[in-house]
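A.B. asks: Can you keep this structure in mind? I'll have questions shortly.
The numbers here are math on the coordinates, done by the rules we state, and not lab data. Owing to the predicted nature of the structure, the values given are computational and were not obtained by experimental measurement. Here Cβ is always computed from backbone atoms with ideal geometry, including for glycine, and neighbour counts include all displayed protein chains.
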Amino acid sequence: MIFGYFARKRRNRQIVDELYRQLTAEARNPIFFSQMNVPDSVMGRFEMLSLFMVLFFRRTDNAGPAVKQLAQDMVDTFFEDIDHSLRELGVGDVSVPKRMKKLARMFYGRANAYGPAIGEKDQEALTEALMRNIHPPRKKTVTNDHHPDNTDMRALASTIIALDGDMMKVSESDLLDGRLGLSDPVSGSTGGTLDLQRSGADSDYQEDTANS
């Protein structure tokens, strides 16, 4: 029995890692940085990954118990990844917890701002929220208006709302099997490279009932 428990945990870990890899690949699509005015920087990548995590959590919000546990595992992986990234950037051990708390507040604040706008397909509200977070206003000067010209978030807002529609169509069985298959932001075609290549992970994600 104990061996079955650990085997299940390994399979679940594979599926969570694969789903997270797919979300990260989506969030790092060069189109967002080259055509939709997202800064190609550490914070720009954090903003995009946060957006895709919001889409994922919207999809899993009203799902069954196994998918809800999967979503919790994705949350843990997301923050583990942030912790690892901070350390890779040279942030010291003493400062990491403080930075993590700040980034966690930022993420949940964004989730609260983006979620309702995406759910209502309110492109204007989402555009304004993206502008505030991705291009926070600078102090006005004689030569500097509220925002530079290259900060228009309307294309990104439209794309995210469309991708939310794709995410909502992903079945629970596909999520539990580690597949997203979201459309390309520009062409609308499904990226085959984002599907799970099932190298031995041939069982669905299983709810951990060991402690229930």
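A.B. asks: What nm value, rounded to one decimal, do you get for the distance between VAL94 and ASP76 when each label is placed 7 Å out toward the C-beta?
C.D. replies: 3.1
A.B. asks: In which sequence would LEU126, LEU182 go, from the one with the fewest C-beta neighbours within 10 Å to the one with the most?
C.D. replies: LEU182, LEU126
A.B. asks: Rounded to whole Hz and in sequence order, give me ³J(HN,Hα) for region 69-84 from the Karplus expression 6.51 cos²θ - 1.76 cosθ + 1.60, θ = phi - 60°, writing x for Gly and Pro.
C.D. replies: 5, 4, 4, 5, 5, 5, 4, 4, 5, 4, 6, 4, 5, 5, 4, 4
A.B. asks: Here's another thing I want to ask about it. Using only the Cα atoms of region 9-150, what semi-axes does the equivalent ellipsoid have when each is the square root of 5 times a gyration tensor eigenvalue? Give whole Å, largest first.
C.D. replies: For region 9-150, the ellipsoid semi-axes come out as 28, 20, 14 Å.
A.B. asks: Between SER41 and GLU172, what is the label-to-label distance in nm when each label sits 7 Å out along the Cα-to-Cβ direction?
C.D. replies: For the pair SER41/GLU172, the computed spacing is 4.2 nm.
A.B. asks: Quick check for you: which residues of region 37-53 have the amide N under 16 Å from the point 7 Å beyond the Cα of THR151 toward its beta carbon?
C.D. replies: 37-41, 43-44, 47
A.B. asks: Using the 10 angstrom Cβ neighbour count as an exposure proxy, how do ILE82, ILE118 rank, fewest first?
C.D. replies: With the fewest neighbours first, ILE82, ILE118 line up as ILE82, ILE118.
A.B. asks: Can you give the Rg/Rh ratio of region 76-142, where Rg is from the C-alpha atoms and Rh is the Kirkwood radius?
C.D. replies: Reported Rg/Rh (Cα atoms, Kirkwood Rh): 1.10.
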